[in-house]
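Written out below as structure tokens is the structure these notes cover.
What follows draws every value from the coordinates through simple rules; no lab data is involved. Please read all numbers here as calculations on a predicted model, not as lab measurements. Here the Cβ positions follow ideal geometry from the backbone for every residue, glycine too, while neighbour counts run over all protein chains shown.
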Amino acid sequence: MLTPNMHYSELKDSYLFNTIYRKTSEYQAAHPEEKIYRMGVGDVSRPLCEAVIQALHEAVDDQATMTHFHGYMPESGAPELRKAISEYYRRFCVSVAADEVFVSSGACDDLGDILELFHRDNTVLVIEPAYPEYVDTNILCGRKVIHLDSGEENGFLPLPSEEIQADIIYICSPNNPTGAAYDREKLRKWVDYANRNGAVILYDAAYEIFIEDPAIPHSIFEIPGAETCAIEICSLSKTAGFTGTRLGYTVVPKALERMGMNLNTMWARNRETRTNGISYILQKGAAAVFTPAGLAQIQKNIQVYKENARVLMTAFDRSGIWYCGGRNSPYIWLKCPEGMGGWEFFDHLLNQIQVVGIPGEGFGACGKGYFRFSAFGDPEDTKEAANRLCKLLGR
Ligand code: PLP
């Protein structure tokens with residue numbers, strides 16, 4: 001008889017989002033006249049920029065002609081797009097070759113697929129609170145996961161210690177959910193740790209575009225030595241509003257080797273086996289992001305989200321609420337007032353001012369008592385939510 005992957009039974013169910021959905025729907029049914037302000041959502045609200053839309057249209061038209069039609073695309077990505085992404089890295093003074101860039105259908109896909117490079121007996125370190133996929137994908141392969149808690153005492157940016165014994169280390173900076181971001185000096189400690197111990201860092205840079213502080217690196221490859229210990233996973237989801245369009249990229253340096261195996265060569269081989277490439281149309285749209293016009297246009301949307309974050313931060317400053325994030329990140333991570341737990345605060349906000357965020361518990365046990373707000377919402381809704389928060393929490 002077939003044996004299913006029994007590790008599925010070890011996954012926690014999607015309690016968090018199901019419960020948020022249920023509580024919000026119940027409230028709305030009981031109060032149909034009230035508008036609910038959804039300030040928790042990690043999805044973008046602004047449309048794709050003009051340069052991308054134009055490139056997508058042109059690519060669709062290409063597919064209608066004998067001369068410009070494209071069939072299967074190269075598994076690791078269209079050469080022009082890989083080159084455009086490698087050139088994008090120059091703005092961070094980082095040298096990434098086009099064949100170190102692998103185009104994907106999103107960071108979520110690659111965060112799971114990349115684990116095929118590693119043996120199951122490796123130990124994984126997840127810094128919590130964390131994006132839930134890091135834990136779940138490893139549970140599914142039966143890998144041992146150890147957790148490193150972060151908290152206010154280290155600004156939600158813990159550093160390595162020699163007691164930690166991990167082979168695969170997830171670092172998300174700027175972080176989802178805390179919005180905290182490692183500066184060069186702190187990130188260097190992780191890079192040195194990984195090189196000393198033969199570990200590999202999976203660096204999730206999905207929110208790179210929000211960085212404005214010059215002390216914070218946009219890429220882990222800004223840190224000397226990262227090319228021998230890190231893989232960087234990136235996404236156009238938040239950068240260019242591609243959450244529904246789907247495209248990301250992963251950088252696997254050619255200098256990254258373990259036990260005589262080259263991880264860049266392995267990943268290229270993996271792509272040949274596991275994918276038939278990303279749609280021609282989407283890659284054309286993605287390439288438009290990296291043109292001068294595209295890069296200028298995506299910034300307009302980012303500035304809208306940044307203004308939303310500023311509006312929310314002002315409300316929390318006025319209310320004397322502790323928070324981090326918001327400056328180099330679209331997320332604001334705050335401490336629930338008066339010792340409330342995340343769910344208690346959730347109910348309080350929903351019932352009193354119809355504002356919805358995400359209880360920190362959903363991102364790991366050490367998130368208890370904290371709450372995540374997102375700056376991806378509509379600007380007018382964000383202003384109204386901030387006014388309501390100020391009135392409710394203001395002292
Ligand atoms: N990594 C982090 C930290 C995220 O927050 C998200 C999405 O919210 C992703 C990866 C997934 O990105 P994508 O939409 O490219 O799959």
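What distance in nm separates the simple spin-label points at Thr243 and Leu11, each placed 7 Å from Cα in the Cβ direction?
Placing both labels 7 Å along Cα→Cβ, they lie 2.0 nm apart.
Please report, for the Cα atoms of the chain, the Rg to one decimal and the Dmax as a whole number; what are they, in angstrom?
Every Cα atom of the chain included, Rg and Dmax give 21.4, 68 Å.
Just report the Cα centroid separation between segment 1-45 and segment 317-395, whole Å.
So the two Cα centres are separated by 18 Å.
Quote the charge dipole size of the chain about the Cα centre in Debye, to the nearest 20; the model charges only the Cβ of Lys and Arg (+1) and of Asp and Glu (-1).
So the magnitude is around 420 debye.
In sequence order, what are the phi-derived ³J(HN,Hα) couplings for segment 7-19 according to the Karplus relation 6.51 cos²θ - 1.76 cosθ + 1.60 with θ = phi - 60°, rounded to whole Hz, with x for glycine and proline?
Karplus values, whole Hz, x for Gly and Pro: 5, 4, 6, 8, 6, 6, 6, 6, 4, 4, 6, 5, 5.
Quote the FRET efficiency, to the nearest 0.05, computed for Ala268 versus Ala365 with a Förster distance R0 of 45 Å and r equal to the Cβ-Cβ distance.
Once the sixth-power term is evaluated, E becomes 0.70.
Report, in deg cm²/dmol and to the nearest 500, the calculated mean residue ellipticity at 222 nm for the chain, where each DSSP H run with n ≥ 4 adds -39500 (n - 2.57) and the sum is divided by the residue count.
So the calculated ellipticity at 222 nm is -12000 deg cm²/dmol.
Residues with amide H under 5 Å of Tyr170's amide H, sequence separation 5 or more or different chain, H placed in the peptide plane at 1.01 Å from N; which?
Leu125, Ile127, Leu202
For the residues Ile139, Ile146, what sequence is obtained by ranking on other C-beta atoms within 10 Å, fewest first?
Least crowded to most crowded, the residues run Ile146, Ile139.
At 7 Å along Cα-to-Cβ for each site, give me the label-to-label distance between Phe92 and Ala30 in nm.
Simple spin-label model gives 4.7 nm for this pair.
Would you list the P(r) distribution for segment 138-214, with all Cα-Cα distances sorted into 5 Å bins from 0 and each bin expressed as a whole %?
Taking every Cα pair in segment 138-214, the percentages come to 3, 13, 25, 26, 20, 10, 3, 1.
Amide H to amide H under 5 Å from Glu75: which residues, 5+ apart in sequence or cross-chain, H placed 1.01 Å off N in plane?
Amide H to amide H, under 5 Å and 5 or more residues apart or across chains, Glu75 pairs with nothing.
Say a paramagnetic label sat at a point 7 Å from the Cα of Thr19, along Cα to Cβ; which residues of segment 361-392 have their backbone N under 14 Å from it?
361-372
With θ set to phi - 60° and the Karplus curve 6.51 cos²θ - 1.76 cosθ + 1.60, what are the ³J(HN,Hα) couplings of segment 20-34 in order, to the nearest whole Hz, using x for Gly and Pro?
4, 4, 5, 5, 5, 5, 4, 5, 5, 5, 6, 10, x, 7, 8
Give me the base-10 log of I(q)/I(0) for segment 23-101 at each q in 0.23 Å⁻¹, Debye formula, one uniform scatterer per Cα, rounded to two decimals.
-1.17
By how many nm would the segment from His68 to Ile146 lengthen if fully extended, with 0.36 nm per residue of separation less the alpha-carbon distance?
23.0 nm
Take segment 272-395, compute every pairwise Cα distance, and split them into 5 Å bins from 0; I just need the percent in each bin.
Cα pair-distance distribution for segment 272-395, in percent: 2, 10, 17, 19, 14, 9, 8, 9, 7, 4, 1, 0.
What residues qualify as long-range amide H neighbours of Asp149, i.e. H under 5 Å apart, gap of 5 or more or another chain, H built at 1.01 Å from N?
Glu128
Any chance you could run the full-extension gain for Thr123 through Glu163? It's 0.36 nm times the residue separation minus the Cα-Cα distance, nm to one decimal.
13.1 nm
Applying the Karplus parametrisation 6.51 cos²θ - 1.76 cosθ + 1.60 with θ = phi - 60° to the phi angles of segment 107-116, what ³J(HN,Hα) value in whole Hz is obtained for each residue in order, glycine and proline being reported as x?
Result, ordered by residue: 5, 4, 4, 6, 4, x, 5, 4, 5, 5 Hz.
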